[in-house]
1. Of all residues in the range 48-91, which are closer than 18 Å to ALA111 by Cβ and outside any helix (DSSP H, G or I)?
2. Residues that are polar (S, T, N, Q), surrounded by 13 or more Cβ atoms within 10 Å (Cβ to Cβ) and at pLDDT below 95: does the range 236-258 have at least one?
3. Taking the options ASP134, ASP154, name whichever one is on the phi < 0 side of the Ramachandran plot, assigned to a helix (DSSP H, G or I), acidic (Asp, Glu) and assigned by TED's automatic domain parsing to the domain that holds LYS186.
4. Quick check on ALA98: is it of a type outside the set (Val, Ile, Thr), closer than 30 Å to ASP28 by Cβ and touching a Cys at 6+ places or on another chain (Cβ under 9 Å)?
5. With VAL214, VAL200, VAL182, VAL264 as the choices, which residue is free of Cβ contacts under 8 Å to residues at least 60 places away in the same chain, under 21 Å from the mean Cα position of the chain (by Cα) and in a strand (DSSP E or B)?
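The values are calculated or read from the model by the stated rules, or taken from the named source; none is laboratory data. Keep in mind that this is a model prediction, so the values were computed, not measured. Neighbour counts run over all protein chains shown; Cβ positions are idealised from the backbone, glycine included.
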Amino acid sequence: MAARSLTGINDLSKSDIEKILGIAELIDKGKSYRLRGSPLLALLFEKQSTRTRTSFQAAMHRLGGTSIYLDSTTTQISRGETIEDTAKVLGLYTDAIAARMFSHEDIVKLARSASVPVINALTDLEHPCQALSDIYTIKKIKGLIGTKVAYVGDIAANTANSLMLVCAELGLDVHLIGPSTVKPNKEYLGRARKHGSVEVFNDIEKGLGGVDVVYTDVFVSMGEDAERKKRLKEFEGYEVNMKVMSYANTDAVFMHCLPAHRGVEVSADVIDGRQSIVWEQARNKMIVEQAILAWLLTSP
């Protein structure tokens with residue numbers, strides 16, 4: 001029987017999200033969470049990573065567990081072993097699996113076949129741990145009541161999908177701002193709109209009106225390098241610079257899940273400026289991942 005997993009934001013109820021954020025808040029305030037039996041976390045990664053790999057390893061260590069890193073290119077997956085067989089084997093050796101993969105369906109297969117919790121550490125469709133870290137950061141710095149969040153740039157990206165879902169679930173208004181050639185994922189937009197207000201804009205000035213949080217991410221994601229020139233041309237005019245920030249509320253903050261390309265999706269004076277909270281955001285990723293692991297590994 002498959003264990004409870006986090007393959008996407010839709011796996012979580014509003015109550016689940018609030019429980020995870022509550023655990024994160026306690027950890028952030030210094031409460032020590034230690035898991036019994038020194039649990040082992042398998043990190044199965046198809047994609048490169050700095051923050052996700054390090055934050056998960058640090059999170060498990062701080063919970064009293066250990067982790068093992070598996071580059072999928074050096075596993076039997078690269079030689080044709082199925083995701084299902086890999087999941088069954090890893091479930092015999094470890095207590096949880098965090099997987100960073102290209103195909104979202106592979107995460108779903110992993111979770112269905114594993115006997116231990118599986119955590120989506122990023123797929124092409126979702127980035128739920130990042131979104132939970134982001135909403136925790138927003139709650140901590142701006143509060144959730146009446147807060148309006150704008151996502152600027154690639155509004156069809158995995159980060160946008162997960163962020164709009166978690167924001168809408170908790171009652172935050174969301175503005176998706178991008179070129180007319182890029183459409184948000186219809187399924188995720190429909191899901192989000194069942195819970196809250198999500199508007200789509202092409203005009204960046206209009207879209208940022210009354211906004212409290214300005215969020216962007218890379219314009220060219222991993223696996224899209226062949227289309228780099230085309231995509232950069234598509235997103236001309238959507239760089240978040242000081243002029244763009246002036247369209248939002250005067251006390252608006254800037255967020256980016258990193259890695260950032262200064263001079264492409266964000267200017268250096270914004271990401272390194274007084275409105276930027278990206279380093280607090282990055283720090284909170286480890287705290288929220290501790291909370292996710294604690295919640296999954298102690299839930300009945």
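1. So the first thing to find is which residues in the range 48-91 are closer than 18 Å to ALA111 by Cβ, and the list is 52, 56, 70, 72, 75, 77, 81-91.
Within the range 48-91, LEU70, THR75, GLU81, THR82 qualify.
2. Of the range 236-258, the ones polar (S, T, N, Q) are 241, 246, 249-250.
Restricting the remaining residues to those that are surrounded by 13 or more Cβ atoms within 10 Å (Cβ to Cβ) gives 241, 249.
Next cut, at pLDDT below 95 only: none.
Scanning the range 236-258 turns up no residue that is polar (S, T, N, Q), surrounded by 13 or more Cβ atoms within 10 Å (Cβ to Cβ) and at pLDDT below 95.
3. Numbers: ASP154 fails: assigned to a helix (DSSP H, G or I).
Among ASP134, ASP154, only ASP134 is on the phi < 0 side of the Ramachandran plot, assigned to a helix (DSSP H, G or I), acidic (Asp, Glu) and assigned by TED's automatic domain parsing to the domain that holds LYS186.
4. Details: of a type outside the set (Val, Ile, Thr): yes; closer than 30 Å to ASP28 by Cβ: yes; touching a Cys at 6+ places or on another chain (Cβ under 9 Å): yes.
Taking the combined requirement at face value, the residue satisfies it.
5. Numbers: VAL214 fails: free of Cβ contacts under 8 Å to residues at least 60 places away in the same chain; VAL182 fails: in a strand (DSSP E or B); VAL264 fails: in a strand (DSSP E or B).
Every option except VAL200 fails the conditions.
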